[in-house]
Amino acid sequence: MSPASDIDLFAPVERDIILEIRTSKMKTMPGLKIETGIDKKLRSGRIPVSFIGLDEDEHDLVFHGGPDKAIHGYCCTHYPTWQKEFPEAAARFNRGGFGENFVTERMNERNVCIGDIVSVGDDGVLLQVSLPRQPCFKLNHRFQLKNFAPNTYKTSRTGWYYRVLHEGTVQAGDEIRLVERKCPKWTIERVQEYLHRTQDDVAMNEELAAIPDMGDESRKAFERRVEKLKAKEKRALNGNGEEAKEKWRDFKIVEKKVQTPRVSSFILEAVNPDSEAGEMQLGSHARLRLPNGLLRSYSIVSGTPNRFELGIALESPSRGGSAYLHQTAKEGDILQVGRVTTDVKPAGAASNHVFIVGGIGITAFLSMLEMYQKIHWESTLHYGVRNAAAEIPFRERVEALGDSVRVRLYDRSKGERMNIKDIFRNLPWNSHVYVCGPTRMMDEAMREAKARGLGEDEVHFEAFSADTTGDPFEVEVKSAREKSTKALQVGAEETLLEVLRKHFGDDDVPSSCEVGNCGTCKVVLRSGRVDHRGTALMDDEKKEAMLSCVSRGIGKIAIEI
């Protein structure tokens, strides 16, 4: 066997040897409840190959296995490179580490192409290269390296999948021989260039979407991307700033239901459905324009862009929005819906997902928790309520989470209190935390996250309200559209967003959540000091931007819209 340093990974390869064959049964991952088939062990002797893979090889079928992912190949020459790049985990970078079935030495992402047909051994087995391997958090957990997985596709050391064209048997030592190369320009590495690194090239995405031998996972990803890129180009050609303008659509209340004494749910259905609306993103909230003139944003609990459900608590005291919906709105009424946005992204690199929620805050994360349950992501819900017997909205859905999500309920009527300090102290390795609840809960969680040194990419805060008052300040506003500069005053009870809208209109100053979560209302900060509020901006962004819905200037500031 050649030393890894002597192997030219860019050299063409038409023959290679299977050094090892590995399979596994499903096992619980160390420190988690979820099961995985990544821990593959050496096999000897002849091993049957069927259209779904190797005999006695099991997969988590949510993301792995199936005809397009029957067998995973990996180049063992990568392991010494990983050991040098991550010396703290060097002992874990050994053959089988990536959960591969076939271990080869020379075949790799630079000389293997999508659609390649290869024969294996002398028992008639024919395979076809179908997909690049898409890494997930399990690699992070296996190697005990946070955010390791993206390194695999950035360096094109992911491995690849085969589909089985002809069944038979294989064994270690069998020769892999290239029979036919259908797409010589599309190596695994080049596919990953447009799948991960250069995603906005319409022509390349179209070409990749048209490769018939590309597995569904990647082909459909390219198809969706082409659709989005063309829609974006179309909007740009139309011009006139149409993309930035908020479009209001009529929705009918088709169901209004009491969930608890304080919470009602509303199912809204588009009067004129949008066939190009796409999918509803997890953690979305909808901006409503009520008949009484108020604008409010509420979390979407489930649904599609044309039909979705909201859970709304009656505030005490109400600012008018929740009171109208609870006391006046009825089935059959028409409401206008504007932007539907999300400010939370699934933390795919995390091994654990920990939710800290109070009361109505469950509506912000319920759809996300259900999806995590479906795709077998390790999740824990800490949920505090006033009275568990009467005050859990969407009770059946919350209780159904207990099948695979760890649910810890805190009932204040029984004297139970959520200890946020303990939750943060006992966070499992590589956790992502999601927080939504009363201001006191949010503030305590922020303090604990900071005390534990958690980064901004490790905790997500979803606020339902925000303190926007403060000392009056002056703002100099440069308007790109009007090509003018105005000096404006923001009063103690006004927000910068409200003042900007009075003078420039809604379209020049977009917004959505209006409590500092989503970042839609961000404006460019040219000079001055700011009392930054909300959670949508990263620390490095605060030097050049501010959230106009919640943040306040100190003295005099200058911004650009």
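The values are calculated or read from the model by the stated rules, or taken from the named source; none is laboratory data. These numbers were taken from a predicted model, which means no experiment stands behind them. Neighbour counts are summed over all protein chains in view; Cβ atoms, including those assigned to glycine, are modelled from backbone coordinates with ideal geometry. Heavy atoms of the whole protein, side chains included, go into the accessibility calculation; ligands, DNA and RNA do not. Shrake-Rupley method; radii C 1.70, N 1.55, O 1.52, S 1.80 Å.
Residue pairs, Cβ under 8 Å, 6 or more apart or interchain, first in region 7-24 and within 21 Å of Trp186 (Cβ to Cβ) and part of a loop (DSSP other than H, G, I, E, B), second open to solvent by 30 Å² or more (accessible area, probe 1.4 Å) and of a type in the set (A, V, I, L, M, F, W, C). List them.
Val13/Leu178; Glu14/Leu178
Within region 466-503, how many residues are assigned to a loop (DSSP other than H, G, I, E, B), surrounded by fewer than 14 Cβ atoms within 10 Å (Cβ to Cβ) and in contact (Cβ under 8 Å) with a residue 12 or more places away in the chain?
Count: 10.
Can you say whether Arg95 is in contact with a Cys (Cβ under 8 Å, 6 or more places away or on another chain) and open to solvent by 40 Å² or more (accessible area, probe 1.4 Å), as far as the supplied structure shows?
yes
Might you check whether a residue that is free of Cβ contacts under 8 Å to residues at least 60 places away in the same chain, in contact with a strand residue (DSSP E or B) (Cβ under 9 Å, 6 or more places away or on another chain) and hydroxyl-bearing (Ser, Thr, Tyr) occurs anywhere in region 28-39?
Yes, region 28-39 has at least one match.
One line per residue, one yes/no per condition, for (1) over 16 Å from Leu9 (Cβ atoms); (2) surrounded by fewer than 22 Cβ atoms within 10 Å (Cβ to Cβ):
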| site | (1), (2) |
| --- | --- |
| Ala91 | yes, yes |
| Thr104 | no, yes |
| Val112 | no, no |
| Gly121 | yes, yes |
| Phe148 | yes, yes |
| Gly159 | no, no |
| Gly168 | yes, yes |
| Asp174 | yes, yes |
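Given the conditions (1) closer than 30 Å to Ser413 by Cβ; (2) modelled with pLDDT of 90 or more; (3) open to solvent by 40 Å² or more (accessible area, probe 1.4 Å); (4) not polar (S, T, N, Q), which single one is not true for Lys330?
So Lys330 meets the others, but not (1).
If you go through region 410-456 one residue at a time, how many are of a type in the set (Gly, Ala, Ser) and under 28 Å from Glu399 (Cβ atoms)?
So the count comes out to 5.
(1) under 20 Å from Arg501 (Cα atoms); (2) surrounded by 18 or more Cβ atoms within 10 Å (Cβ to Cβ); (3) hydrophobic (A, V, I, L, M, F, W, C): which one isn't true of Ala536, the others all being true?
Among (1) under 20 Å from Arg501 (Cα atoms); (2) surrounded by 18 or more Cβ atoms within 10 Å (Cβ to Cβ); (3) hydrophobic (A, V, I, L, M, F, W, C), Ala536 violates only (1).
Pick from Lys138, Lys84, Lys69: which is of a type in the set (Lys, Arg) and surrounded by fewer than 17 Cβ atoms within 10 Å (Cβ to Cβ)?
On inspection, the qualifying residue turns out to be Lys84.
Would a scan of region 528-536 turn up a residue that is touching a helix residue (DSSP H, G or I) at 6+ places or on another chain (Cβ under 9 Å) and either of a type in the set (D, E, K, R) or in a loop (DSSP other than H, G, I, E, B) (or both)?
The answer is yes, given that some residue of region 528-536 is touching a helix residue (DSSP H, G or I) at 6+ places or on another chain (Cβ under 9 Å) and either of a type in the set (D, E, K, R) or in a loop (DSSP other than H, G, I, E, B) (or both).
Among Gly293, Gly320, Gly311, which is modelled with pLDDT of 95 or more and over 22 Å from the mean Cα position of the chain (by Cα)?
Just a single option satisfies the conditions, and that option is Gly311.
Please count how many residues of region 255-312 are outside any loop (DSSP other than H, G, I, E, B), aliphatic (A, V, I, L, M) and out of contact with any Leu (no Cβ under 6 Å at 6 or more places or on another chain).
The total comes to 9.
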